[in-house]
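Taking it in order: structure first as structure tokens, then the write-up.
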Amino acid sequence: MRVALTGGSSGIGAEVARKLTELGHEVTAFDISEPEVPVARWIETDLGDPASIRSAVAAADGPFGALINNAGLPPRDGLEELVLKVNWFGLRSFMQGLLDKLEPGSAIVNTASRAGAMWRDNLDEVKALMALDLDGLPDFIQEREIDATRAYNLSKEAVIVMTMAETEQMIARDLRMNSVSPAAVSTGILKDFATAFGDRMARNVARAGRPGLPEEVADVIIFLASPESGWIKGQDITIDGGMSAMSVSGKLDL
């Protein structure tokens, strides 16, 4: 299978690239940095730059059997605009550009986050973001007083909502799309999440016993990209070592 992968140079994406390559698949990585994993091709791509996205899509040699939208930025103070540009606008723009280079029956897997789990409570803001033109982003951030942590959460809420909302449209194109929502994964950006989410994340990790491993998330992503998961469509799969279940059971006094 020929796979298009964004964010293949580090963390979860590097594990996805490594595992796919070891399984004999051909990976084209789209990333701002060159992957250390020996992928078939690296196309330098900055998902925060629309021109870079257009160039990368034009340079991509399809057709692909799967698209894995994994690239993203963590919540960092002062980067709220860039976080939304990369994690939402960039992801959506790249995906839309690559649709015509996907084979019939292809799978799309979007990396969201457990941080996007509150999308129902924030649906009005999510819809406002999804309807927004990129030029309107600075005013949107200012008017709603969105900091980096909220920008990250909102970007992942939008990814989850889009994955569901476009299910029927994807089926009409003979494609299918799902998302994964990891939590507290032991990668180079884990400290960013510890800073952003503080004691709440520390308590969740303590209850789960440890952070997740990037290879554990990669295994689920690869399964969702494979034909074996062909009847799973429009779903968000949470990968958090039981954190969500323990949180819900505590609130419901189960």
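The values are calculated or read from the model by the stated rules, or taken from the named source; none is laboratory data. The model shown is predicted, which means the values in this text are computed figures rather than measured ones. Counting neighbours? That spans all protein chains shown, and the Cβs are built from the backbone with ideal geometry, glycine included. Just so you know, the surface numbers come from the protein's heavy atoms only, side chains and all, with ligands and any DNA or RNA stripped out. Shrake-Rupley method; radii C 1.70, N 1.55, O 1.52, S 1.80 Å.
Between S55, S33, the distinction of being more than 20 Å from the chain's Cα centre (by Cα), modelled with pLDDT of 95 or more and of a type in the set (S, T, N, Q) belongs to S55 only.
When I68 is tested against (1) crowded, with 24+ Cβ neighbours inside 10 Å; (2) touching a Lys or Arg at 6+ places or on another chain (Cβ under 8 Å), exactly one condition is not met: (2). Exactly one residue out of A165, A184 is open to solvent by 50 Å² or more (accessible area, probe 1.4 Å) and not acidic (D, E), and it is A165. Looking only at segment 11-46, residues that are outside any helix (DSSP H, G or I) and either closer than 21 Å to R92 by Cα or of a type in the set (D, E) (or both) come to 15 in all.
Annotation note: of L91, L129, L79, L73, the sole residue that is open to solvent by less than 20 Å² (accessible area, probe 1.4 Å), out of contact with any Gly (no Cβ under 7 Å at 6 or more places or on another chain) and within 22 Å of G13 (Cα to Cα) is L91. Taken over segment 187-208, residues that are under 18 Å from S244 (Cα atoms), in contact (Cβ under 8 Å) with a residue 24 or more places away in the chain, among the small types (G, A, S) and open to solvent by 60 Å² or more (accessible area, probe 1.4 Å) amount to 0.
Under the condition of being surrounded by fewer than 13 Cβ atoms within 10 Å (Cβ to Cβ) and outside any strand (DSSP E or B), the residues counted in segment 94-122 number 4.
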